[in-house]
Amino acid sequence: MEPILRVRAEHDEGVRTLTIDHPAKRNAMTPAMWRRLPELLAELAADPDVRVLVLTGADGTFCAGADISALRDTAEGASGNGGAAREQQALAVAAEEALAAFPRPTLALVRGHCVGGGCQLAAACDLRFAAHDARFGITPAKLGIVYPASSTERLVRLTGPATAKFLLYSGELIDAERALRVGLVDEVHPGAELDKRVAEFARTLAARSALTQAAAKEFADGRTGPDRVEHWQREAARSNEAAEGVAAFLDRRAPRFVWPRP
């Protein structure tokens, strides 16, 4: 089967699931898949009905990273230092940054291996939920590849410098419980419960104020300049979110948040 990225609606409640589907290579990302991901994210971001995005992998594996066989397609890429390697890394970084910049909440649902470029993608999501038997690793030291600076910085923000160095220096895999302890994942669940927990949490997020979430995402990611603060103050003032939230609380009903209006 041709490796693809698939998107499906979930429960018609504003949740979309994007699935990495290349099971023959444990969902390794081909150059075409790296290129397609930012395009798909832009399409989803432009859809006002999309409130939450879940990223996962097909057939019990999240993503084994970049498809290394693509680097063997040219003699230049075979060394890991030629144009093919640089191009693949640039594509991966562009996809990672597009995912990090996605304007709505993003959740990584991780089963099996989450390695290399797969870990880049998971780290770029807002939150990560893992199966108890998931495995995480970042393996450029096994290939003689320099891990991107932006990806390293994102990893350090999640785990701290010591764990980031452990992962990058060694290329060793860690289990889900250790990933939870060091901050690489946010929750760990038995495999049978993972889908249910992520679906419930995604529906919860979809019912909350997208205005609050969008502002919080920018501020948490460090975009706190005066222009952005003023932007969100204006958005809050012109929206009806706070009035709706207070009214719903007093009426003991679920709020009906509608920002952003078409």
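When you filter the GluC sites (Glu not before Pro) in region 102-190 for DSSP loop state and at most 14 other Cβ atoms inside 10 Å of their Cβ, you are left with Glu172. Could you work out the relative contact order of region 4-205? I mean the mean sequence separation of Cα pairs under 8 Å and 6+ apart, divided by the number of residues, in percent. Contact order relative to length: 19 percent.
Approximating the spin labels as points 7 Å out from Cα along Cα→Cβ, the Glu177-to-Val246 distance works out to 4.9 nm. Averaging Cα coordinates gives a centre for region 245-261 and one for region 144-213; these two points are 31 Å apart. Working from the pairwise distances between different alpha carbons, so that the mean of 1/r is found and then inverted, what is region 209-251's Kirkwood radius in Å? Answer for region 209-251: a Kirkwood hydrodynamic radius of 11.1 Å. Once the Cα atoms are used to define both axes, helix 226-238 deviates from the longest principal axis of the chain by about 40 degrees.
Its Cα centre serving as origin, the chain has a Cβ charge dipole (Lys and Arg +1, Asp and Glu -1) of approximately 300 debye. Remark: region 167-262 carries a charge dipole of roughly 480 debye about the Cα centre, counting +1 on each Lys and Arg Cβ and -1 on each Asp and Glu Cβ. So, R0 is 25 Å and r is the distance between the beta-carbons of Ala237 and Asp47; what FRET efficiency does that work out to, to 0.05? E(calc), rounded to 0.05, equals 0.45. The length gained on full extension between Lys165 and Arg86, counted as 0.36 nm times the residue separation minus their Cα-Cα distance, comes to 26.2 nm.
What is the list of residues in region 35-56 whose amide nitrogen lies under 14 Å from a point 7 angstrom out from the Cα of Val7, following Cα to Cβ? Flagged as within label range: 36-56.
Peptides 47-57, 208-218, 238-248 ordered by packing proxy, namely the average of other Cβ atoms within 10 Å per residue, highest first: 47-57, 208-218, 238-248.
Please label the shape of region 181-220 as rounded, prolate or oblate, based on the square roots a ≥ b ≥ c of the eigenvalues of the alpha-carbon gyration tensor (a/c under 1.5 means rounded; beyond that, a/b larger than b/c means prolate, else oblate). Here region 181-220 falls in the oblate category. For the peptides 86-94, 193-201, 14-22, 106-114, the ranking by mean Cβ contacts within 10 Å, running from highest to lowest, is 106-114, 14-22, 86-94, 193-201. Each of Leu107, Met29, Val156 was placed along the dipole of the chain (beta-carbon charges, centred on the mean Cα), and the one lying farthest toward the positive end is Val156. A simple packing score, the average count of other Cβ atoms within 10 Å per residue, orders the peptides 121-128, 35-42 as 121-128, 35-42, with the highest score first. Determine, at each q value in 0.15, 0.16 (inverse angstroms), the log₁₀ of I(q)/I(0) that the Debye formula gives when each Cα of the chain is one equal point scatterer. Per q value, in the given order, log10 I(q)/I(0) is -1.10, -1.23.
Within the listed set Pro23, Pro103, Pro161, the residue fluctuating most in the Gaussian network model of the chain (springs between alpha-carbon atoms under 10 angstrom) is Pro161. Past 32 Å, Cα to Cα, is the threshold; run Lys196/Lys217; Lys25/Lys196; Lys165/Lys217 against it and keep the listed order. In this structure, no pair lies more than 32 Å apart at Cα. Ordered by the count of other Cβ atoms within 10 Å of each Cβ, fewest first, Val185, Val229 give Val229, Val185.
Which number do you get for Rg(Cα) / (2.2 N^0.38 Å) in region 181-262?
With N residues counted in region 181-262, Rg over 2.2 N^0.38 Å equals 1.38.
Since every read-out is calculated from the coordinates, none of them should be taken as a lab result. These numbers were taken from a predicted model, which means no experiment stands behind them. FYI the Cβ positions are ideal-geometry reconstructions off the backbone, even for glycines, and counts take in every protein chain you see.
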